[in-house]
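Written out below as structure tokens is the structure these notes cover.
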2 protein chains.
Amino acid sequence: MNILNSQVEAYIEQLNRIAFIEDEEILKEMEDYAHKNDFPIIDRTVGRLIYLITKLKNPKLVIELGSGYGYSAYYFAKAMNYGKVVLTDYQEKNLSMAKSYFERLGLLDKADFRVGNAIEIAKEYKDIDILFLDLEKTKYLEAILRLKDNLKVGSLVIADNTLWYGKVAQDNPDDKTAKIKEFNEYMFKSREFFSILIPLRDGVLISSKIE
Amino acid sequence: MNILNSQVEAYIEQLNRIAFIEDEEILKEMEDYAHKNDFPIIDRTVGRLIYLITKLKNPKLVIELGSGYGYSAYYFAKAMNYGKVVLTDYQEKNLSMAKSYFERLGLLDKADFRVGNAIEIAKEYKDIDILFLDLEKTKYLEAILRLKDNLKVGSLVIADNTLWYGKVAQDNPDDKTAKIKEFNEYMFKSREFFSILIPLRDGVLISSKIE
Ligand SMILES: C[S@@+](CC[C@H](N)C(=O)[O-])C[C@H]1O[C@@H](n2cnc3c(N)ncnc32)[C@H](O)[C@@H]1O
Ligand SMILES: C[S@@+](CC[C@H](N)C(=O)[O-])C[C@H]1O[C@@H](n2cnc3c(N)ncnc32)[C@H](O)[C@@H]1O
């Protein structure tokens, strides 16, 4: 199932490619790595969305739950004027790759790298300005319930894969899909958040914490 | 041609409907008016995107080029903490409808209503924080070229209908489609703007003015 009409998707992708971006070569290398190794990362269109939103928000503290080797973290770090993005991953190997990319990108001073359970690590931080969810898809709702008191008023939650290949819109959801649907419904119904869902790539939910 | 898979579109629409919004009844009435009279307006999903972006931006001056009877202007005004949204339209009748809706919504102090050529009216303002394009589709590029010096650094341009029923992605574009494509390409290529295109409804381009 295609979420977006494939011609339209290609059109948007192509517009994103004609835009100037400073670190084109390294980004291309990171994208190629994902492609060759079947490593799930966001794409250029979602990256640019994150960049624009982060510029508008001007955060001091961004926490990523599930950073892989740092592709999504690039867009946060690049858009930040001060402060840090905290990258988390179970796998040491991923974060050491991230570190070496960030070194080449000149962004090391804007990042912390923390190996371990992403939710437990995030729990250590207060006053989170942006929380990015890209960990196991069954854990999104748990992550929010456990971390919402660590989020500042006016902070943003950005969650990837919230359309889950379009499966959230189909009948008889499997367990993983059902969990994502539950998360989406929670975020839209909650009076503590104002939410939108953007159908770029696999679906990006963006929520602002109201009170 | 469907831009978004129709099941996915319905899913996102339904999430937007379960969310609390203060002025539900009047918004529903405005949406019904559009439906009955075939009046082209943005929809709830684009409205909520505008609301969230406006909250993040916290603008003093928003100018809409092509306001109709004020449905899109609602989301700007509602999200603003101070300042004004300037509604423009050729047609007096549209803006007097907008005025009466804004009165019922308690938003009159956040709006100015200006009948006439939208671009000429906008030219009178300096330091625009958000410029919303929803006028004739052939005029988008002209509007930007004539108004970009009136935009503040860091300001946003938000343009509706930039996927134009998906026609921008098809071969042999008609004149109107070609004009929109030209506009999109200009915004993505320009080193003065950082742009993204969001495939909600008929496509929303959002650009941030860099320098
Ligand atoms: C989808 S990938 C991240 C991609 C990255 N956000 C990007 O777009 O560039 C998910 C990563 O999260 C890690 N992960 C999943 N659940 C986690 C958890 N609970 N704690 C820490 N890491 C987790 C996995 O090891 C994997 O590297
Ligand atoms: C698509 S409708 C606006 C809908 C509105 N933005 C909304 O979403 O609720 C476009 C409106 O722009 C007006 N319009 C188009 N070109 C214009 C121009 N150059 N100057 C002033 N008004 C214009 C039309 O009269 C029409 O009411």
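The values are calculated or read from the model by the stated rules, or taken from the named source; none is laboratory data. Here the structure is a predicted model, which means the values were calculated and not measured. Cβ coordinates were reconstructed from backbone atoms using ideal geometry, including for glycine residues, and neighbour counts include every protein chain displayed. Just so you know, the surface numbers come from the protein's heavy atoms only, side chains and all, with ligands and any DNA or RNA stripped out. Shrake-Rupley method; radii C 1.70, N 1.55, O 1.52, S 1.80 Å.
In table form, for the structure just shown:
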{"read-out": "Scope segment B:140-154; condition without any contact (Cβ under 8 Å) to a residue 40 or more places away in the chain and open to solvent by less than 10 Å² (accessible area, probe 1.4 Å); matching residues", "value": "B:Leu147, B:Asn150"}
{"read-out": "Matching residues, segment A:185-199, being facing another protein chain (nearest Cβ under 7 Å) and of a type in the set (A, V, I, L, M, F, W, C)", "value": "A:Phe188, A:Phe194, A:Ile196, A:Leu197, A:Ile198"}
{"read-out": "Residue list for segment B:111-128, restricted to those being more than 13 Å from ligand 2 (Cβ to nearest atom) and surrounded by fewer than 20 Cβ atoms within 10 Å (Cβ to Cβ)", "value": "B:Asp112, B:Glu124, B:Tyr125, B:Lys126, B:Asp127"}
{"read-out": "Residue selected from segment B:1-47 under the condition open to solvent by 50 Å² or more (accessible area, probe 1.4 Å) and within 18 Å of B:Ser67 (Cβ to Cβ), by the criterion nearest to ligand 2 (Cβ to nearest atom)", "value": "B:Pro40"}
{"read-out": "Scan of segment B:93-110 for residues that are surrounded by fewer than 16 Cβ atoms within 10 Å (Cβ to Cβ) and closer than 17 Å to B:Lys60 by Cα, ordered by number", "value": "B:Leu108, B:Asp109"}
{"read-out": "Single residue of segment B:155-184 satisfying the filter (within 7 Å of chain A (Cβ to nearest Cβ) and open to solvent by 10 Å² or more (accessible area, probe 1.4 Å)) that is nearest to B:Arg44 (Cα to Cα)", "value": "B:Ala169"}
{"read-out": "Residue that is nearest to the chain's Cα centre (by Cα) [pool: residues in segment A:151-174 that are more than 13 Å from A:Ile206 (Cβ to Cβ) and among the acidic types (Asp, Glu)]", "value": "A:Asp174"}
{"read-out": "Boolean, B:Ile144 is outside any strand (DSSP E or B) and within 21 Å of B:Ile42 (Cα to Cα)", "value": "yes"}
{"read-out": "Top-ranked residue of segment A:73-92 - restricted to ones that are open to solvent by 10 Å² or more (accessible area, probe 1.4 Å) and either within 16 Å of ligand 2 (Cβ to nearest atom) or not in a loop (DSSP other than H, G, I, E, B) (or both), ranked as nearest to the other protein chains (Cβ to nearest Cβ)", "value": "A:Lys78"}
{"read-out": "Qualifying residue in segment A:98-113 (condition: more than 14 Å from ligand 1 (Cβ to nearest atom), small (Gly, Ala, Ser) and assigned to a helix (DSSP H, G or I))", "value": "yes"}
{"read-out": "Hits in segment A:28-65 - residues which are more than 12 Å from ligand 1 (Cβ to nearest atom) and among the acidic types (Asp, Glu)", "value": "A:Glu29, A:Asp32"}
{"read-out": "Residue match in segment A:74-93 (condition: near ligand 1 (Cβ under 9 Å from one of its atoms), touching a strand residue (DSSP E or B) at 6+ places or on another chain (Cβ under 7 Å), in contact (Cβ under 8 Å) with a residue 40 or more places away in the chain and within 28 Å of A:Ala10 (Cα to Cα))", "value": "no"}
{"read-out": "Any chance B:Ala77 is more than 20 Å from B:Ala143 (Cβ to Cβ) and of a type in the set (Gly, Ala, Ser)", "value": "yes"}
{"read-out": "Residue ID - nearest to the other protein chains (Cβ to nearest Cβ), chosen from residues in segment B:1-32 that are in contact (Cβ under 8 Å) with a residue 60 or more places away in the chain and farther than 30 Å from B:Asp171 by Cα", "value": "B:Asp23"}
{"read-out": "Qualifying residue in segment A:200-211 (condition: acidic (Asp, Glu) and touching a residue at least 24 places away in the same chain (Cβ under 8 Å))", "value": "yes"}
{"read-out": "Residues that are in contact with a Lys or Arg (Cβ under 9 Å, 6 or more places away or on another chain) and surrounded by 24 or more Cβ atoms within 10 Å (Cβ to Cβ), drawn from segment A:48-58", "value": "A:Thr54"}
